[in-house]
Amino acid sequence: MRDYIRDGRAPIPEDETRSRIMSAIRGKDTKPELAVRTALREIGLPGYRLHWKKAPGRPDIVYPGRRIAIFVHGCYWHRCPHCNPSLPKTHTDFWEKKFQRNVERDARKQKVLSEEGWKVFVFWGCQIKDDVFALVEKVKAYIEENQR
């Protein structure tokens, strides 16, 4: 096991393989996010911004002029209500608290955006895997409905 410089935010991994897997997890340009972006372009909705700093909460995908924010949530980290992912078997107290903070932060971001007049869409990894085009069609329908 290699030496770690720890900041106290996470437990020390028990083995090198798990450490390598966890460190490979990205926050941007994930496969589900790329799938949503590709589908948005394919149905004729280009022109979005990525992780736009001017939008409260920095949603993954933003249409600033239309005030549309899209969050692409990974089921595991954001605790998907559809597929109910399992908890890690070790350090469960730490992970339960971390996941709860993630869920609370997500809710705060969505609330602030809604209060400021944004339409918020949340797409979950399992939904994207099942039918990404059904999800992005919801965005298109919202735009078409509100252009009039």
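None of the figures in this text is laboratory data; all of them are computed from the coordinates on show. What you are looking at is a predicted structure, and each value in this text was computed from that prediction instead of being measured. Using ideal geometry, Cβ is built from the backbone for each residue, glycine included, and neighbour counts are taken over all protein chains shown.
Whole-Hz Karplus ³J(HN,Hα) for region 138-147, in order, using 6.51 cos²θ - 1.76 cosθ + 1.60 and θ = phi - 60°, x for Gly and Pro?
Once rounded to whole Hz, the list reads 5, 5, 4, 4, 4, 5, 4, 5, 9, 7.
Using only alpha carbon pairs under 8 Å that are at least six residues apart, calculate the relative contact order of region 64-129 and give it in whole percent.
54
Pop out the ³J(HN,Hα) list for region 77-93 in order, Karplus 6.51 cos²θ - 1.76 cosθ + 1.60 with θ = phi - 60°, rounded to Hz; leave Gly and Pro as x.
Once θ is set to phi - 60°, the couplings for region 77-93 become 6, 9, 6, 3, x, 8, 10, 6, x, 6, 8, x, 7, 10, 6, 4, 4 Hz.
Which entries in K28/K53; K31/K54; K53/K97; K28/K129; K98/K119 show an alpha-carbon gap greater than 21 Å? The partial results should precede the final answer.
Numbers: K28/K53 14 Å; K31/K54 24 Å; K53/K97 27 Å; K28/K129 17 Å; K98/K119 27 Å.
Correct reply: K31/K54; K53/K97; K98/K119.
Please report F123, F71 as a ranked list, fewest other C-beta atoms within 10 angstrom at the top and most at the bottom. Intermediate results must be reported in sequence, preceding the final value.
Details: F123 23, F71 20.
Ranking F123, F71 by Cβ neighbours within 10 Å, fewest first, gives F71, F123.
Starting from the amide H of V122, placed 1.01 Å from N in the peptide plane, find each other amide H under 5 Å away whose residue is 5 or more places distant or on another chain.
For V122, whose amide H was placed from the backbone, the distant partners under 5 Å are F71.
Classify region 24-147 as rounded, prolate or oblate, taking a ≥ b ≥ c as the square roots of the eigenvalues of its Cα gyration tensor: rounded when a/c is under 1.5, otherwise prolate if a/b is larger than b/c and oblate if not.
Judged from the Cα gyration tensor, region 24-147 comes out prolate (a/c at least 1.5, a/b above b/c).
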